[in-house]
Amino acid sequence: MGLLIRNGEIVTVGSRTKADIYAENETVTRIGKNLEVPPGTEIIDATGKFVFPGFIDPHVHIYLPFMATFAKDTHETASIAALIGGTTTYIEMCCPNRNDDALAGYELWKSKANGKSACDYAFHMSVTKFGEETESQLREIVADGTASFKIFLAYKNFFGVNDGEMYQTLTLAKRLGVIVTAHCENAELVARLQAQLIAEGKTGPEWHEPSRPESVEAEGTGRFATFLENTAATGYVVHLSCERALNAALAAKERGVRLSVEAVLPHLLLDKSFAERPGVEGMKHVMSPPLRAKHNQDVLWNALAGGLVDTVGTDHCPFDEEQKLLGKDAFTNIPNGIPGIEDRVNLLYSFGVQNGRIDLDRFVNIASTRAAKLFGLFPRKGTIEVGSDADLVVFDTGYRGTVSVKTQHVNNDYNGFEGMAIEGRPSVVTVRGKVQARDGEFVGERGRGRLLKREPAYF
């Protein structure tokens with residue numbers, strides 16, 4: 001059965017037009033005014049609403065063994081939450097640690113998602129060591145359709161790579177045509193600062209940010225860029241949080257380094273005072289890089305508006321209150337992360353478009369199209385055109401609501417954005433032509449999601 005979305009205003013990068021969209025066999029097959037469709041076609045009236053390409057979250061953690069516990073979501077719960085919030089594709093970080101076999105880890109992460117996700121998905125493959133088998137394993141993973149890597153310049157002796165391993169990873173990535181995403185800090189400095197603060201009796205969540213200050217993130221960003229420059233590889237800085245790190249990235253781009261930048265929702269809307277709250281309330285907002293001084297928010301919004309920051313993800317990584325309390329005696333034991341996969345699109349529209357910080361074109365670009373282009377999904381994803389997957393979001397700009405743990409669908413017992421006002425939300429969300437969510441509720445097919453195969457493009 002076909003699907004017709006009628007009378008909406010279609011918004012893609014560089015284009016706004018009022019027209020109908022007809023989809024069958026999972027793809028968009030016709031776009032035009034007053035389309036005639038076969039009997040039995042499912043018809044959705046989008047009069048007075050925007051129709052966006054399905055949104056893409058380029059940075060999530062769903063299955064994640066981390067800091068003596070596991071992230072709370074499953075692919076079922078996370079994908080349903082994503083769809084209700086308008087995200088139709090996510091890219092998960094596959095993160096075996098230094099003691100794990102990379103290929104076995106990759107197969108484990110795939111098995112956790114297979115048949116469980118209600119929306120489409122892909123992986124960034126983390127390289128957490130570089131040993132004798134690493135190159136052959138990574139070649140096998142790329143041949144399987146995972147065309148992006150992830151490295152951590154943090155979490156010493158667990159996820160983190162040293163400079164030699166970073167060089168080896170980037171050199172191989174260049175040969176394979178793979179983009180490398182990076183968590184940019186300085187693992188040694190963080191470890192030393194953490195030990196110093198704990199020794200001084202500074203154990204609460206308010207000391208997490210001073211243990212990995214802006215200078216540490218800026219150094220990591222600059223070092224990653226320098227390695228990119230000297231290997232001719234292509235890179236992508238994840239969850240950049242502050243002005244100093246942004247300046248390091250922009251300086252590299254100005255001298256020709258192939259580098260893109262991601263911001264994440266928490267750094268746009270929350271500041272370090274949230275993590276300075278006493279007890280578990282502060283622990284809820286511990287993530288890395290940490291929430292920063294408030295002035296950085298305007299810096300990031302302005303960079304988004306000006307095209308200096310490419311994408312907005314979430315770094316979705318849910319831990320509940322009981323798990324956060326693992327760090328009650330030392331901030332170094334607080335599981336790092338905050339949920340956000342369900343709220344990203346609504347909050348980005350409400351605090352970005354509605355507040356005049358970004359226009360609709362930038363909104364679609366940073367939340368969908370740019371990620372699709374960077375990570376080998378465009379034009380299958382990230383746009384609305386004939387031949388593209390029929391991942392469509394009919395968006396009701398008249399909706400008014402509030403973010404709350406009481407109404408969320410992620411598997412977590414708090415919401416880091418609790419009480420924030422929403423102006424607009426998806427009214428209908430489709431994945432490859434099938435309606436999966438309506439008006440804040442999942443109405444679709446569990447397990448519909450597919451692993452997206454991608455081709456290397458960064459030679």
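Only one entry of Phe123, Phe130 meets the criterion of being over 25 Å from Arg450 (Cβ atoms), in contact (Cβ under 8 Å) with a residue 24 or more places away in the chain and in contact with a helix residue (DSSP H, G or I) (Cβ under 8 Å, 6 or more places away or on another chain), and that entry is Phe130. Residues that are among the β-branched types (Val, Ile, Thr), in a loop (DSSP other than H, G, I, E, B) and more than 20 Å from Gln408 (Cβ to Cβ) occur in segment 330-350; there is at least one.
Would you please name the residue that is nearest to Ala245 (Cα to Cα), looking only at residues in segment 170-201 that are assigned to a helix (DSSP H, G or I) and within 22 Å of the chain's Cα centre (by Cα)? Give the derivation first.
Of the residues in segment 170-201, the ones assigned to a helix (DSSP H, G or I) are 170-176, 187-199.
Now narrow it down to the ones that are within 22 Å of the chain's Cα centre (by Cα): 170, 173.
Details: Leu170: 20, Ala173: 23 Å.
Checking each candidate, the answer is Leu170.
Residues in segment 91-145 that are closer than 24 Å to Ala371 by Cβ and charged (D, E, K, R) were compared, and the one that is farthest from the chain's Cα centre (by Cα) is Asp144.
Taking residues in segment 365-376 that are over 15 Å from Val178 (Cα atoms), and partners anywhere that are among the small types (Gly, Ala, Ser), the pairs with Cβ atoms closer than 6 Å and at least 6 places apart or on different chains are Ser368/Gly382; Thr369/Gly382.
For segment 74-99, the set of residues classified as over 19 Å from Thr181 (Cβ atoms), of a type outside the set (Ser, Thr, Tyr) and in a loop (DSSP other than H, G, I, E, B) consists of Gly85, Gly86, Asn99, listed by residue number. For segment 280-313, the set of residues classified as open to solvent by 40 Å² or more (accessible area, probe 1.4 Å) and either touching a helix residue (DSSP H, G or I) at 6+ places or on another chain (Cβ under 7 Å) or not basic (Lys, Arg) (or both) consists of Glu281, His295, Asp298, Asn302, Ala305, Gly306, Leu308, listed by residue number.
Conditions tested, residue by residue: (1) under 30 Å from Lys328 (Cβ atoms); (2) modelled with pLDDT under 95; (3) surrounded by fewer than 22 Cβ atoms within 10 Å (Cβ to Cβ).
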site: Glu206; (1), (2), (3): yes, no, yes
site: Pro210; (1), (2), (3): yes, no, yes
site: Glu219; (1), (2), (3): no, no, yes
site: Ala232; (1), (2), (3): no, no, yes
site: Tyr236; (1), (2), (3): no, no, no
site: Arg255; (1), (2), (3): no, no, yes
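If you go through segment 445-459, how many residues are within 16 Å of Val431 (Cα to Cα) and among the small types (Gly, Ala, Ser)?
2
Find the residue count for segment 409-438, including only residues that are in a loop (DSSP other than H, G, I, E, B), touching a residue at least 24 places away in the same chain (Cβ under 8 Å) and over 19 Å from the mean Cα position of the chain (by Cα). Show your work before the answer.
Initially, segment 409-438 is screened for residues in a loop (DSSP other than H, G, I, E, B), giving 409-420, 432-433.
If we keep only those that are touching a residue at least 24 places away in the same chain (Cβ under 8 Å) too, we end up with 409-417, 420, 432-433.
Adding the requirement that they be over 19 Å from the mean Cα position of the chain (by Cα) leaves 413-414, 420, 432-433.
The total comes to 5.
For segment 384-394, the count of residues that are open to solvent by 50 Å² or more (accessible area, probe 1.4 Å) and in contact with a helix residue (DSSP H, G or I) (Cβ under 6 Å, 6 or more places away or on another chain) is zero.
The values are calculated or read from the model by the stated rules, or taken from the named source; none is laboratory data. Quick caveat, the model's predicted, so the values are computed rather than measured. Note that each Cβ is placed from the backbone with ideal geometry, even for glycine, and that neighbours are counted across all protein chains shown. SASA here: full protein model, heavy atoms, side chains in, ligands and nucleic acids out. Shrake-Rupley method; radii C 1.70, N 1.55, O 1.52, S 1.80 Å.
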